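Everything on this sheet refers to the single structure shown next.
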Amino acid sequence: MTTVLPSRKNVIAFVPAHNEEDIIRSTIESILTQTVKVDVLVISDNSTDNTVSIVRSIAATDNRVSLIETVGNKFKKSGALNAAYENVDLNSYDYVLSVDGDTVIAPDLVEQALIEFQLDPLLGAVCSRAGVVKQETNGFFEKLVYHWQYVEYAEFDRSRVSQDRRIKVAHGMCTAYKVKAIKEVMQRRIDTGKVDCTVYDVHNITEDYELTMTLKELGYHTASGFGMLAWTDVPLKLNELWKQRVRWLRGGLDTLWEHGWNKSTRKDILNAGFFWIMLAFQILLLHYAFYDIVTGVYHPNWIFLLVMILMYVDSVYTLRYVQNPSNWDYLVRITFIPQIFYAWFTIAQLVYAYYLFLFKPNQDW
């Protein structure tokens, strides 16, 4: 059976960019070379490098590309994207593609997205797979941090398989939205008094999660298109990675608090509670393991061994979802020890995010 694309394919891509001179040209060109025609609006958010001049040079040769520059935007990406929605007549388009300024997309990504929308009339948003751009690393530790994330992003894809048409987050790096759904979000913002939040909630630091949650509450499906390939930059410094992930996790907790218990949030809230149960269980198992080490007496703990075996199998199985895995990707997971350290690093991030959520109400971008 041949899939027929919708007769109207009016698509506009919003590209928020802050100091992306190294990659913005590649990002725009990957959108312009789509198998489906796409207009491009770049939103330069307080850029101080050559991002603006690069975009203008591309716009001078292709009338599909346009540029706006934010003035006095205090809300970073969400504020930049809201500015895009305020400057575009949505009645001229059926779909909006949001692509980060440091992301490159496959030539048929938009075509794949349109097929997803055709197959599911209730689909409000469909995101790409979470790929990672090949990056130059400086030394062993940067390489380790890079490949931790390279495999982890595949783990994100794996989790979206089980979530089917109600994925947790239609991620910010690359997601296509149905304009009809976006208009309903805009009306909801007005109805709830959030007049400064055109589409994205500027008071939430994980704008993609909050928008996904709002779409689900409006009755829309959210999905991941596994034919939609995109690749993004990742931080190579441990402190930068820590800051990024704590922001994601903290914003997620704020979103759940804001939206409260309902059909769309209850699974995520229960998972948040389950984290603490599993953390207590792991600490208990580690206590027994360290006790044996200190006393020099080994007591076989079959529960500990079973948990470690299951963790190992699960860790290695994720390699199935990695795009073009390298020897380093196999090394990170098969040797397992680096992955254990990274697992506890992510646990520390979540614990700290809870601390910020409970005791630091002012969110830090």
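General observations
- Looking across the stretch 94-123, the residues that are open to solvent by less than 10 Å² (accessible area, probe 1.4 Å), closer than 23 Å to residue 200 by Cα and either hydroxyl-bearing (Ser, Thr, Tyr) or part of a loop (DSSP other than H, G, I, E, B) (or both) come down to 98, 101, 103.
- Test: residue in the stretch 290-310 that is modelled with pLDDT of 90 or more, within 19 Å of residue 132 (Cβ to Cβ) and either touching a Ser or Thr at 6+ places or on another chain (Cβ under 6 Å) or open to solvent by 80 Å² or more (accessible area, probe 1.4 Å) (or both): no
- Taking the stretch 2-93 as the region of interest, the helices (runs of 4 or more DSSP H) fully inside it that hold 1 or more residues being open to solvent by 10 Å² or more (accessible area, probe 1.4 Å), under 27 Å from residue 190 (Cα atoms) and at pLDDT below 95 are 76-87.
- Total residues in the stretch 182-206, condition more than 16 Å from residue 84 (Cα to Cα) and within 16 Å of the chain's Cα centre (by Cα): 3
- Counting only residues that are over 21 Å from the mean Cα position of the chain (by Cα) and either outside any helix (DSSP H, G or I) or surrounded by 13 or more Cβ atoms within 10 Å (Cβ to Cβ) (or both), the stretch 319-330 holds 3 of them.
- Only listed residue being over 14 Å from the mean Cα position of the chain (by Cα) and at pLDDT 95 or above, chosen from 177, 209, 150: 177
- Selection of the stretch 102-116 for residues being among the small types (Gly, Ala, Ser) and out of contact with any helix residue (DSSP H, G or I) (no Cβ under 8 Å at 6 or more places or on another chain) yields only 113.
- Boolean, residue 127 is open to solvent by less than 10 Å² (accessible area, probe 1.4 Å), within 30 Å of residue 328 (Cβ to Cβ) and among the hydrophobic types (A, V, I, L, M, F, W, C): yes
The values are calculated or read from the model by the stated rules, or taken from the named source; none is laboratory data. Predicted model, so just to flag it, every value in this text is computed and none were measured. Every residue, glycine as well, gets a Cβ built from its backbone with ideal geometry; the counts of neighbours run over all protein chains shown. For accessibility, only protein heavy atoms count, side chains too; no ligands or nucleic acids. Shrake-Rupley method; radii C 1.70, N 1.55, O 1.52, S 1.80 Å.
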